[in-house]
1. Applying the Karplus parametrisation 6.51 cos²θ - 1.76 cosθ + 1.60 with θ = phi - 60° to the phi angles of the range 113-130, what ³J(HN,Hα) value in whole Hz is obtained for each residue in order, glycine and proline being reported as x?
2. Please list 75-88, 124-137 highest first by mean number of surrounding beta-carbon atoms within 10 Å per residue.
3. At 7 Å along Cα-to-Cβ for each site, give me the label-to-label distance between Glu159 and Lys119 in nm.
4. Points 7 angstrom from Cα along the Cβ direction at Lys76 and Lys147: gap in nanometres?
5. Sequence neighbours fewer than 8 away in the same chain don't count; with that in mind, list the lysines whose C-alpha is under 23 Å from Lys79.
6. Using the beta-carbon distance between Glu137 and Cys47 and R0 = 22 Å, what value does 1/(1 + (r/R0)^6) give for FRET efficiency, to the nearest 0.05?
7. Starting with the highest mean, order 50-56, 106-112 by the number of other Cβ atoms within 10 Å, averaged over the residues of each peptide.
8. Just how many % of Cα pairs in the range 66-165 lie over 19 Å apart, if you round to the nearest whole percent?
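Values in this text are rule-based calculations from the coordinates and carry no lab data. Not measured: the values here are computed from a predicted model. Methodologically, a virtual Cβ is constructed for each residue, glycine included, from the backbone with ideal geometry; neighbour enumeration extends over all protein chains shown.
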Amino acid sequence: MMLEEQQEQTFCLCGLLSGFKMKVINPINPHENSLGKHMIAEFYNCCEDAIDNIKYVRDAMMESARVAGATIVAEKFHKFYPVGVSGVVIISESHLSVHAWKEFKYCAVDIFVCDSSLKLEDSLMHLKKMFKAEKVEYALHSRGEVKRIEKELGNLTLEECAKGA
């Protein structure tokens with residue numbers, strides 16, 4: 001399959017959301033079996049007060065995990081001085097992380113999941129609203145391509161490896 005065809009499928013699979021721009025870096029082929037999806041998002045022109053408030057950022061990220069349909073396991077957030085907030089929400093399906101720079105009105109968010117039923121775009125829409133971002137760009141990557149991993153394992157399949165073969 002040609003890259004252009006994969007990009008078209010990626011856009012169909014993920015869709016373009018209002019106020020969102022998608023960069024296709026490692027297109028996801030819906031017919032490809034992978035261990036997870038990794039969304040990398042950049043939030044521009046955010047509300048400075050919102051993204052520098054640790055409680056507000058924590059609450060936004062926790063709710064974002066819930067909106068996606070994820071199961072929250074733990075969370076850890078840190079306030080930097082004089083400005084900045086970073087944090088991670090550990091979910092059964094993997095994690096969400098955020099790094100906020102008040103002085104640049106910018107947030108970087110990663111969402112990694114190993115459950116394809118989670119609603120990543122809904123999660124992003126929630127964060128766009130909470131951070132009051134004027135612009136969001138995101139890229140969606142396929143992580144852990146099963147065929148590639150099995151090739152690297154030699155003759156073992158992932159199933160055999162998991163069983164301790």
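1. Listing the rounded values in order: 9, 10, 10, 5, 7, 5, 9, 5, 5, 5, 4, 5, 4, 4, 5, 4, 5, 5 Hz.
2. Highest to lowest by the protection proxy: 124-137, 75-88.
3. 3.3
4. So the label points at Lys76 and Lys147 sit 3.8 nm apart.
5. Cα-Cα hits under 23 Å: Lys55, Lys102, Lys105, Lys128, Lys129, Lys132.
6. Computed FRET efficiency for Glu137 and Cys47 comes out at 0.80.
7. Most protected by this proxy first, the peptides run 106-112, 50-56.
8. 56
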